[in-house]
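Reading through the structure tokens given below for one structure.
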Amino acid sequence: MQGGGVPTQADFHAAITARADRWVAACLRITRSRELAEDAVQEALLSAWNKRDQFQGGARLDTWIHRIAVNAALQLLRKQRPANFDSLDFEVMDDGDLPEDERLAEELEADLTSALDHLTDIERTCFVLKHLEQWRLKEIGDELELSVGTVKQALFRGVRKLRRHMPALRSVDK
């Protein structure tokens, strides 16, 4: 970013080019709807642009927008289902260059996607926010209007169910 101040149009363009797919994937994990995920990202970009003077240089612009997008996805989900959350999906980020690594990552992604279907909506939401989006327990509780204890219980139950439904994790639970 130029000068570390208010992000410019060029800064936004660079962030969008580099990270838009990642924002959509994160929102898709929350909403399970490509349309809602894309709407959330659009809403986040508009919000971020309109509030760009509030951007704190302590974070990266793409990280700031990512957080706004996740919050927008949660808001859209609440509007659609005020008393409940829909199931979430998950995309494994592949850092390996080897075909075997790619195959294993695809298998893990398929296993996790299938296993996530066995979690309740709140378990899925808490799991994604904690383990994939790296939110703190208090942040999750505040966002979902739950106590930290309730978030911990949902995470515990969710991880336990994932271990039962994912062959690669079954030995961890024993």
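Points to keep in mind about this one:
Table: residues versus (1) outside the structural domain of Val128 (by TED's automatic domain parsing); (2) surrounded by 12 or more Cβ atoms within 10 Å (Cβ to Cβ); (3) over 20 Å from Arg78 (Cβ atoms).
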{"residue": "Ala10", "(1), (2), (3)": "yes, no, yes"}
{"residue": "Ile16", "(1), (2), (3)": "yes, yes, yes"}
{"residue": "Ala20", "(1), (2), (3)": "yes, yes, yes"}
{"residue": "Ala25", "(1), (2), (3)": "yes, yes, yes"}
{"residue": "Leu36", "(1), (2), (3)": "yes, yes, no"}
{"residue": "Glu43", "(1), (2), (3)": "yes, yes, no"}
{"residue": "Ser47", "(1), (2), (3)": "yes, yes, no"}
{"residue": "Lys51", "(1), (2), (3)": "yes, no, yes"}
{"residue": "Leu61", "(1), (2), (3)": "yes, yes, yes"}
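- Leading residue by the ranking (farthest from the chain's Cα centre (by Cα)) among those in the range 109-135 that are assigned to a loop (DSSP other than H, G, I, E, B) and farther than 15 Å from Phe156 by Cα: Asp117
- You will find that of Leu98, Leu104, the residue that is surrounded by fewer than 16 Cβ atoms within 10 Å (Cβ to Cβ), in the same structural domain as Glu145 (by TED's automatic domain parsing) and at pLDDT below 70 is Leu98 and no other.
- Residues in the range 1-21 that are under 23 Å from Gln80 (Cβ atoms) and modelled with pLDDT under 90: 0 in all.
- Criterion violated by Ala40 - all others in (1) touching a residue at least 24 places away in the same chain (Cβ under 8 Å); (2) over 18 Å from Val128 (Cα atoms) satisfied: (2)
- Total residues in the range 28-71 satisfying the condition of being in contact with a Pro (Cβ under 7 Å, 6 or more places away or on another chain) and in a helix (DSSP H, G or I): the figure is 2.
- In the range 63-86, the residues that are crowded, with 18+ Cβ neighbours inside 10 Å and at pLDDT below 65: Phe85
The values are calculated or read from the model by the stated rules, or taken from the named source; none is laboratory data. No experiment lies behind these values; they were computed from the predicted model shown. Positions of Cβ are generated from backbone atoms using ideal geometry, with glycine treated the same way; all protein chains shown enter the neighbour counts.
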